[in-house]
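Below is one structure, written out as structure tokens; the observations come after it.
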Amino acid sequence: MELFKSMQDIDDNSKSDKINKDTEKVKCLIIGSGPAGYTAAIYAARANLNPVLIQGLQPGGQLTTTTEVDNFPGYPEGIDGPTMMEDFRKQAERFGTDVRWGMATKADFSQRPFKVVIDEKHLIEAETVIISTGATAKYLGIESEKKYQGSGVSACATCDGFFYKGKDVAVVGGGDTACEEATYLANLCNKVYIIVRKDYLRASKTMQQRVFNTPNIKVLFEHNTKELRGIQVVEEAVLIKRMGERDESEVNIKIDGFFLAIGHKPNSEIFTNYLKTDDVGYIQTIPGTSKTNISGVFACGDVQDPHYRQAVTAAGSGCQAALDAERFLGEVESRK
């Protein structure tokens with residue numbers, strides 16, 4: 001699910017007047033929840049920045065769709081994703097964060113204070129902005145995918161692979177990410193299928209070689225997923241195999257887990273007029289910091305991380321963003 005949407009410039013006089021009457025000024029605006037946003041809020045609140053956090057349409061981010069989190073430090077018995085995000089929110093509020101339901105629909109970073117419109121009607125002018133809007137995993141779009149989400153369907157092998165130890169799983173995709181996830185799962189699982197719709201892998205030669213040299217990985221070229229089946233959890237995948245230009249056949253494989261590795265879409269659309277991004281849309285930050293090309297605007301979490309996409313790395317980058325925002329405001333104040 002995308003957290004934020006773009007909006008046409010508000011040039012209607014009645015709308016502009018309504019927004020101007022509903023303007024709020026804040027020191028630190030955090031756009032997006034999840035580990036990055038909530039961690040940024042905790043640090044910003046403790047630094048007396050009085051942060052306002054806008055949760056987006058999916059408060060807590062992607063972790064709210066995860067049943068078990070076993071690899072986040074501090075939870076020795078594991079914890080389910082929604083409960084973990086509720087703990088993060090409570091901790092942020094404990095230190096004074098103003099957590100609000102809402103969606104950022106427009107942003108103007110041309111000058112400070114930065115302007116962000118919430119729900120197409122409420123204008124916030126912020127001295128600093130921390131963007132933690134995350135990235136949305138791409139899915140195939142089949143109905144059974146939604147049915148088994150959290151019950152065999154996952155978009156993160158590193159997050160959920162442990163639960164399929166000794167079992168048979170499938171990974172969908174033909175790029176480096178799919179191959180990396182397949183080789184990771186191969187160390188845990190009995191058998192790993194890679195479902196590839198083309199007759200070749202798009203991954204680098206090194207990754208391809210690694211896949212082909214792993215005995216418990218089987219690549220299924222020219223296969224598409226038709227549907228997933230099972231009583232309460234995934235038990236098998238129904239695939240369509242292309243036999244020729246027009247010929248197709250149906251293939252069933254018994255699996256316990258189905259992993260999507262066909263990419264992510266960063267939720268950065270409303271910021272791209274001002275912030276530098278890569279070709280996919282990930283916000284580019286100065287290495288080792290959360291700083292963007294706009295001084296006073298910071299990015300953290302999956303919206304700027306195409307590589308790791310872990311809760312713990314997102315939380316760490318949220319800490320960086322809050323510290324960077326605090327130092328920025330301190331420098332601004334010292335120049336007055």
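The values are calculated or read from the model by the stated rules, or taken from the named source; none is laboratory data. Note that the coordinates shown come from a computational prediction; the quantities given were computed from them, not determined experimentally. Using ideal geometry, Cβ is built from the backbone for each residue, glycine included, and neighbour counts are taken over all protein chains shown.
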Among the numbered criteria (1) outside the structural domain of Pro59 (by TED's automatic domain parsing); (2) surrounded by fewer than 16 Cβ atoms within 10 Å (Cβ to Cβ); (3) touching a residue at least 40 places away in the same chain (Cβ under 8 Å), which one does Ser154 miss? (2)
Hey, Val251 part of a loop (DSSP other than H, G, I, E, B) and assigned by TED's automatic domain parsing to the domain that holds Val171 or not: no
Output the residue which, of all residues in the stretch 187-239 that are part of a helix (DSSP H, G or I) and in contact with a helix residue (DSSP H, G or I) (Cβ under 6 Å, 6 or more places away or on another chain), is modelled with the highest pLDDT. Val211
Looking at this structure, is Arg242 buried (at least 16 other Cβ atoms within 10 Å of the Cβ) and free of Cβ contacts under 8 Å to residues at least 24 places away in the same chain? yes
Give the residue, chosen from Arg309, Arg327, that is surrounded by fewer than 17 Cβ atoms within 10 Å (Cβ to Cβ) and basic (Lys, Arg). Arg327
Is there a residue being within 16 Å of the chain's Cα centre (by Cα) and under 30 Å from Gln149 (Cα atoms) anywhere in the stretch 75-83? yes
Provide a single number: the residues in the stretch 289-331 that are touching a Leu at 6+ places or on another chain (Cβ under 8 Å), among the aliphatic types (A, V, I, L, M) and part of a helix (DSSP H, G or I). 4
Can we say Ile195 is in the same structural domain as Gln58 (by TED's automatic domain parsing), of a type in the set (A, V, I, L, M) and in contact with a strand residue (DSSP E or B) (Cβ under 8 Å, 6 or more places away or on another chain)? no
Under 6 Å by Cβ, and 6 or more places apart or on different chains, what pairs join a residue from the stretch 116-142 that is free of Cβ contacts under 8 Å to residues at least 12 places away in the same chain and in the same structural domain as Glu227 (by TED's automatic domain parsing) with one that is among the polar types (S, T, N, Q) and assigned to a strand (DSSP E or B)? none
Flag if Ile194 is closer than 28 Å to Tyr148 by Cα, crowded, with 20+ Cβ neighbours inside 10 Å and in contact with a Leu (Cβ under 7 Å, 6 or more places away or on another chain): yes
Residue identified as within 21 Å of Gly174 (Cβ to Cβ), hydrophobic (A, V, I, L, M, F, W, C), within 28 Å of the chain's Cα centre (by Cα) and assigned by TED's automatic domain parsing to the domain that holds Gly330 among Val297, Val280, Val219, Val211: Val280
